[in-house]
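Structure first, commentary second.
Throughout, read-outs are computed from the coordinates displayed, never taken from laboratory work. Given the structure is predicted, the values throughout are model-derived calculations rather than measurements. Reconstructed Cβ throughout: ideal geometry from the backbone, glycine too, with neighbour counts over all protein chains shown.
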């Protein structure tokens, strides 16, 4: 297991590299020495990194498979779009930074509330059932969002369900989603969000609550007998993750001129899961790398477009098979020479 | 009359879900895993029937048998390659692998057959049955589906209770270690379970596309998930449960779409799943399991 | 039996109700009182009519053949199973509506027959889990790294090393728990249980897999723990040297029912116990 020192070093390196990348990329943007495709992907990459990190909190740290994570992103995205449109049209708030901030906060809060409401029934279940129910909720969210209409008329927000006849400017148009969105999201905001979610997740993991979450994951009965309320800590991880996903969604939604509700479906949830698995389940810095890489790579390898998902699928299976193979596990341990195994045995005998 | 029509369609759709659910429930009972790829095996079966009928002009019975053969081999191969090595792994790992396998099948199908929906040919030369002075029309596909369900259910129940392999399946699902000690070949039993489930998937694929003739690589995914819902609804590990859950779910879906809202049809089905799992986690006919400390 | 140190027999006095407690505990409410506790699994009475009283600093033993229901009783005491009959009280407080988490907070800690450590965590982290409800701070303190976080983490670290030093394990704090030798793992489980500041410590076969030398050490450590922390300890054990050596009051179980209760001397002389459990040993020694 990581010693305290190595953990601190990993964290410092992670933050350091991210800050460095941000500085470099910002310079490149200002010098216009960045390719158009990469520039357009910067904000989505930030969103997907936050999605991957937050899903890893649920899957890797809390040990529960959530297959509906994209649903929270969707809730955050549309909440963000609604709030931004409402503030602009109803309150004449011209300042994009302030609107973006409020939109992201709103996205996070609403997604968090959804996470709490969903978590209460879901986290009572175990394993496969929990996974399927998260999938079910994800689909329900998508279905419902498809039927929601929102318009802003003066300062009032009008809602319609299955009925699009609303006064004022339409912000959300049922199955057509959001149209003519003012894209106020910025790369700086994305970077700040990434740093924020990293701080939240890493600090949570390395704290009393984080230990409780991991204990609940590793040995439920032992954790309970130590006085740890399993449901409370699973909720903690789940709701925190949904808040972050909502924020990521708001950022993403406000970077797209149009956005369909079907964009946040089971496929997207699986995409994020692939990021998490390939980056290492429980490995937070790994999620950052895989989310970024797997967002950029498909663009670079456009010609392999048709084979991309196939390659993902094969990779996913291979990674799972290899990481659960006892011989591979022994080999990895030998290579990285875990201090625990041999030396402690000598100490005990002496 | 609309009510009766919906009723019949509901039972028919439910029968398809029931047949698919059988595969899920048997595999879950024996291998304690959720075979996410099951829905996509259905899709493969449907494509094989399609190719056999459309391109190779084989007679209907041969098409179906060919699909069953291919799917059986596919199911056994998947089990040996991806699930067997993970028997000692966490259920999280197995579930993720199954999801990967599902995507593998979908994308391979995409590469082979393309994304354009194929129109499934009608393999029956029978006429629509008209009842009540033509007010209620039942398509032959519908009747065949319901009949197939009943036949399969009966056959499977007899198989499980009367044959040696069936008994072995029940033993392995109850206590794998003990079964092994009693000399049962666990690997073979699990393979047989997957084989039966996959063969049934082929039949389900054929029936599904006969009633709903659009065939795409993603065709199996949603029915697969809904069928799993049905399996859980009826009680995972219980064969009559799969039948009951399937038919009930089909009825809920059809009536939900008819009387509440078409758009929210899927949402209603999933809402049912959630409610069932919360109120009665072991399903309608399932048995509670105690954990040993 | 003659090879091990003969310890002083604790003077046991009758407690108001048919049980006996150590004389020194007479002034205090008994730490545990079970009345006709039982659990039935669909017709099978796994535990039936279990009634005991334990003094506040008593070391008690629970013995019996395999399958007698000993671990089931531990599971009942920690509410892993809910009893179907009877009552139990911890320091006079009825444990009726409690859950496993409540029981831990109220002051019962346990170890497990098949060791249940958090294998992928370090030794220190395992003990810190034990301190979860003793040295606390909330989620936001942790995320925002407020002063309370730093103070509490330091306190946990110091307390962990203090607890580990009981078993001379302080040097292993950073080892992965799953890679420890078996004996060390058992000891770690005890340390972790102690970290929860229990009033009653339940040890499930603590000497399993230990050689006589290690068992001697364990016996001394258990007594040291009792004296230092002033808690009650209830052990399930098969090692008769250990049981007869340190237990002050022993309860013998067979087929879920108590067949004998008393001091080590009384138990060894009890014909029912001998017949059910100790077998022919008595004759060979004579």
Problem set entry | chain C: calculated mean residue ellipticity at 222 nm from DSSP helix runs of at least 4, using -39500 (n - 2.57) | -9500 deg cm²/dmol
For this session: Return the Cα extents of the protein assembly as shown along principal axes one, two and three, sorted largest first, each rounded to a whole Å.
Result: 94, 74, 53
For this session: Find the centroid of the Cα atoms in segment A:171-246 and in segment B:131-194, then give the distance between the two in whole Å.
Result: 43
Exercise. At what distance in angstrom do the alpha carbon centres of segment C:240-266 and segment A:108-159 lie from each other?
Worked result: 57
Seminar exercise, completed: Taking Cα atoms only, helix A:187-205 is inclined relative to the longest principal axis of chain A by an angle, in degrees rounded to 10, of 40
For this session: Please work out the C-alpha center-to-center distance from segment C:173-199 to segment B:53-74 and express it in whole Å.
Result: 60
Problem set entry | Cα gyration tensor of chain B - equivalent ellipsoid semi-axes, whole Å, descending | 30, 23, 18
Problem set entry | Angle between chain B longest axis and helix B:164-174 axis [Cα atoms, degrees, rounded to 10] | 70
For this session: For each of A:28, B:26, count neighbouring Cβ atoms within 10 Å of the residue's Cβ, then give the residues from fewest to most.
Result: A:28, B:26
Seminar exercise, completed: The residues C:219, B:153, sorted from fewest to most surrounding Cβ atoms within 10 Å, come out as B:153, C:219
Exercise. Going by the alpha-carbon gyration tensor, a ≥ b ≥ c the square roots of its eigenvalues, is segment B:1-121 rounded (a/c under 1.5) or, if a/c is not under 1.5, prolate (a/b greater than b/c) versus oblate?
Worked result: oblate
Seminar exercise, completed: Of B:120, B:270, B:206, the most mobile residue in a GNM of chain B (C-alpha springs, cutoff 10 Å) is B:270
Seminar exercise, completed: Two pseudo-spin positions, 7 Å from Cα along C-beta at residue A:159 and at residue A:306, lie apart in nanometres by 4.6
For this session: With springs only between Cα atoms under 10 Å apart, run a GNM on chain C and tell me which of C:23, C:189, C:217 wobbles the most.
Result: C:217
Exercise. Taking the Cβ-Cβ separation of residue B:32 and residue A:327 as r and a Förster radius of 25 Å, what is the calculated FRET efficiency to the nearest 0.05?
Worked result: 0.60
For this session: Tell me the label-point distance for the pair residue A:95, residue A:221, using the 7 Å Cα-to-Cβ offset, in nm and rounded to one decimal.
Result: 5.8
For this session: Could you list the square roots of 5 times each eigenvalue of the Cα gyration tensor of segment B:36-103, that is, the equivalent ellipsoid semi-axes, sorted largest first and rounded to whole Å?
Result: 30, 11, 7
Exercise. Nearest-5 percent of antiparallel DSSP beta bridges in the protein assembly as shown?
Worked result: 70
Exercise. Convex hull volume of the Cα atoms in segment A:4-300, per residue, in Å³?
Worked result: 127
Seminar exercise, completed: From fewest to most C-beta neighbours within 10 Å, the residues A:15, A:252 line up as A:15, A:252
Problem set entry | q = 0.13, 0.15, 0.18 Å⁻¹, segment B:159-293: log10 I(q)/I(0) [Debye, one scatterer per Cα] | -0.70, -0.88, -1.13
Exercise. Which shape class, rounded, prolate or oblate, goes with segment B:8-63 when its Cα gyration tensor gives a ≥ b ≥ c as root eigenvalues, a/c under 1.5 marks rounded, and past that a/b bigger than b/c marks prolate?
Worked result: oblate
Exercise. Relative to the longest principal axis of chain C, what angle (0 to 90°, nearest 10) does the C-alpha long axis of helix C:212-229 take?
Worked result: 70
Problem set entry | Distance in nm between pseudo-label sites at residue A:26 and residue A:8 (7 Å out along the Cβ direction from Cα) | 2.7
Seminar exercise, completed: Over the Cα atoms of segment C:153-263 the radius of gyration and the largest Cα-Cα distance (Dmax), both in Å, equal 15.2, 49
Seminar exercise, completed: Per its Cα gyration tensor (rounded if a/c is under 1.5, else prolate when a/b beats b/c, else oblate), segment A:67-202 is best filed as oblate
Seminar exercise, completed: Only helices counted: for chain A, with every DSSP H run of 4 or more residues adding -39500 (n - 2.57) and the sum spread over all residues, [θ] at 222 nm is -24000 deg cm²/dmol
For this session: Could you work out the mean count of beta carbons from other protein chains within 10 Å of each residue's beta carbon in B:99-109?
Result: 6
Exercise. Mind checking the log10 I(q)/I(0) for chain C at q = 0.10, 0.13, 0.15 Å⁻¹? Debye, one equal scatterer per Cα, no solvent, two decimals.
Worked result: -0.55, -0.92, -1.19
Seminar exercise, completed: Given a Förster distance of 30 Å, the FRET efficiency implied by the Cβ-Cβ spacing of residue C:9 and residue C:41, rounded to the nearest 0.05, works out to 0.20
For this session: Among B:101, B:68, B:43, determine the one that fluctuates most according to a GNM of chain B built with springs between C-alpha atoms less than 10 Å apart.
Result: B:101
Exercise. Please report, for the Cα atoms of segment A:188-272, the Rg to one decimal and the Dmax as a whole number; what are they, in angstrom?
Worked result: 16.3, 52
Problem set entry | Under the Debye formula (equal points on every Cα, no solvent term), log10 I(q)/I(0) of segment C:116-197 at q = 0.16, 0.25 Å⁻¹ | -0.57, -1.14
Seminar exercise, completed: Scoring chain A by relative contact order with C-alpha pairs under 8 Å, at least six apart, yields a percentage of 29
Problem set entry | Value of [θ]222 nm, deg cm²/dmol, for chain B, DSSP H segments ≥ 4, -39500 (n - 2.57) each, nearest 500 | -24000 deg cm²/dmol
Exercise. What FRET efficiency, computed as 1/(1 + (r/R0)^6) with R0 = 35 Å and r the Cβ-Cβ distance, is obtained for residue B:157 and residue C:94, rounded to the nearest 0.05?
Worked result: 0.10
Exercise. Fully extended, how many nm does the chain gain between residue C:151 and residue C:113 (0.36 nm per residue separation, minus their Cα-Cα distance)?
Worked result: 10.2 nm
